[in-house]
Amino acid sequence: MTAFRFLTAGESHGPTLGVTIEGVPAGLALSADAIAVDLARRQRGYGRGARQAIEQDRAEILAGVRYGVTLGSPILLLVRNRDWENWTQVMAVEPLDDEAAAVLREAALEGNKRATPVTRVRPGHADLAGALKYGFNDVRNVLERASARETAARVAAGGVARAFLRELGIETWSFTAEVGGVAADPANCTRSRDEADESPLRCPDPTAEAAMIARIDEARSAGDTVGGVFEVVVHGLPIGLGSYVHWDRRLDGALAAAVMSINIVKGVELGLGFEQTRRFGSNVHDVIEGRAEGGLWIHRSNNAGGLTGGVTNGEPLVVRGAVKPISTLARPLPSADLITGEAVDKAHYERSDISVVPAAGVVAEAMVMLTLAGFVVEKFGGDTLDDVKAALASYRARIADAPEPPVAGGRRDAFDETAGEVAPAHGLTGSDEAGSGGDD
């Protein structure tokens, strides 16, 4: 079975975005309609800009699927950029002929912003660092790929991962937990998942959402932007995804990297996250109640967010991301010019959103699901979906059974049961004598 991975391609105002997903087992039902659901969710949310009125994202499945079922070969998805028709000269792939280049230069001289090369770098964006790294004298080459428009391809890939995980009983969703310092109150989260998803900010707390909207309006009036926090929750994960044996096999590390890779995310928390630093250990660590019917292990709380030692522990996975305010402001900040190196009163401006926390949450869902799909394939992988389901069912059955009592020294064969000898129970049952030396 091939390892699960994906790669995206495309520019913000180019003809299309593309993504190739490899490692999806054969036999998974997959349709463009199913993927379109998450693409639409990514485009909604109070505070989005004019671009969302132009684009109506839909992924075309061009490879890896036949008659609505995956083939086990790489899947190719394309998400067309409808705005491309307004950028065909500026973002042309082939070299312009003399006549077309002259037309573009004339448009720039007449003040056409789209045709004018970008040299005023934006604070908080990849403009300056990217241009210097790759040797560009036109920041357009940077901002087109560094744009969050690329995340539409990730969300399309996430739709494939959602279909795969759903077949295994694993469900993922997200909500807006905070905008501009206004946080949802868990005690007032009265909306269901579906109700929250249909609300302006995808927030389960209607009172907090009203205050969040007011903060966005305040930022809009000031020509500013505002950030916030999203939360992703995953139910149905088995105990045992990930590993503690190497740093790069820890699921918590992989999830943190995946969510942090989202353009606008500047911090990631698992479970309580930084709140743990403000509490004593007795108020942090999740007491284990024991094994319940069906072999399920019960914790009194889920402060760890479903992960201990880099491994899923059977509780819901909880990942939170800190969304910075968008870098492109309607009232641009002072900056500098890439060519002259001198200060300028205003950085470059292109149309922008005011707040994207709900959309960032949908992108985070995609990144979490893509990461989980990779770990599932690694642990239970087979060439077909039925292979994966069978391996998962067998594993669940194994961990549901009580393990054989251990023997000091590990030699049960040292006791002759035919002669009436019985291996003694280990002496640590119910005691607190075992420990790790204090380094855990």
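Here are the numbers for this structure:
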{"quantity": "Residue among Pro238, Pro200, Pro204 that is at pLDDT below 95 and in contact with a helix residue (DSSP H, G or I) (Cβ under 7 Å, 6 or more places away or on another chain)", "calculated": "Pro200"}
{"quantity": "Qualifying residue in the stretch 265-279 (condition: under 30 Å from Arg120 (Cβ atoms) and β-branched (Val, Ile, Thr))", "calculated": "yes"}
{"quantity": "Some residue of the stretch 343-358 being under 18 Å from the mean Cα position of the chain (by Cα) and among the hydrophobic types (A, V, I, L, M, F, W, C)", "calculated": "yes"}
{"quantity": "Conditions (1) among the small types (Gly, Ala, Ser); (2) under 22 Å from the mean Cα position of the chain (by Cα); (3) crowded, with 16+ Cβ neighbours inside 10 Å; number of the one not met by Gly72", "calculated": "(2)"}
{"quantity": "Odd one out for Ala347, checked against (1) more than 26 Å from Trp173 (Cα to Cα); (2) among the hydrophobic types (A, V, I, L, M, F, W, C); (3) surrounded by fewer than 19 Cβ atoms within 10 Å (Cβ to Cβ)", "calculated": "(3)"}
{"quantity": "Failed condition for Arg120, given (1) under 25 Å from the mean Cα position of the chain (by Cα); (2) surrounded by 17 or more Cβ atoms within 10 Å (Cβ to Cβ)", "calculated": "(1)"}
{"quantity": "Qualifying position, being in contact with a helix residue (DSSP H, G or I) (Cβ under 8 Å, 6 or more places away or on another chain) and under 30 Å from Ser147 (Cα atoms), among Val284, Val229", "calculated": "Val229"}
{"quantity": "Unmet requirement for Ala163, which otherwise passes all of (1) under 18 Å from the mean Cα position of the chain (by Cα); (2) part of a helix (DSSP H, G or I); (3) farther than 30 Å from Arg396 by Cα; (4) not charged (D, E, K, R)", "calculated": "(3)"}
{"quantity": "Breaking point among (1) under 21 Å from the mean Cα position of the chain (by Cα); (2) without any contact (Cβ under 8 Å) to a residue 12 or more places away in the chain, for Ser174", "calculated": "(2)"}
{"quantity": "Some residue of the stretch 343-357 being part of a strand (DSSP E or B) and either at pLDDT below 95 or out of contact with any Phe, Trp or Tyr (no Cβ under 8 Å at 6 or more places or on another chain) (or both)", "calculated": "yes"}
{"quantity": "Residue satisfying all of: in the stretch 290-307; more than 21 Å from the chain's Cα centre (by Cα) and of a type in the set (A, V, I, L, M, F, W, C); surrounded by the fewest Cβ atoms within 10 Å (Cβ to Cβ) among these", "calculated": "Ala292"}
{"quantity": "Of the criteria (1) over 30 Å from Ala34 (Cβ atoms); (2) modelled with pLDDT under 95, which one Glu85 fails", "calculated": "(1)"}
{"quantity": "Given (1) farther than 24 Å from Leu338 by Cα; (2) surrounded by 15 or more Cβ atoms within 10 Å (Cβ to Cβ); (3) out of contact with any Phe, Trp or Tyr (no Cβ under 7 Å at 6 or more places or on another chain), index of the condition Cys203 fails", "calculated": "(3)"}
{"quantity": "Boolean, Glu11 is at pLDDT 95 or above and either assigned to a loop (DSSP other than H, G, I, E, B) or under 30 Å from Ala208 (Cα atoms) (or both)", "calculated": "yes"}
{"quantity": "Exclusive hit being within 20 Å of Val368 (Cβ to Cβ) and aliphatic (A, V, I, L, M), set Val245, Val259", "calculated": "Val259"}
{"quantity": "In the stretch 275-313, the residues that are polar (S, T, N, Q) and in a loop (DSSP other than H, G, I, E, B)", "calculated": "Ser301, Asn302, Asn303, Asn313"}
{"quantity": "Filter pass, Ser431 being surrounded by fewer than 13 Cβ atoms within 10 Å (Cβ to Cβ), at pLDDT 65 or above and among the hydroxyl-bearing types (Ser, Thr, Tyr)", "calculated": "no"}
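The values are calculated or read from the model by the stated rules, or taken from the named source; none is laboratory data. A quick note: this is a predicted structure, and the numbers were derived from the prediction, not measured. Positions of Cβ are generated from backbone atoms using ideal geometry, with glycine treated the same way; all protein chains shown enter the neighbour counts.
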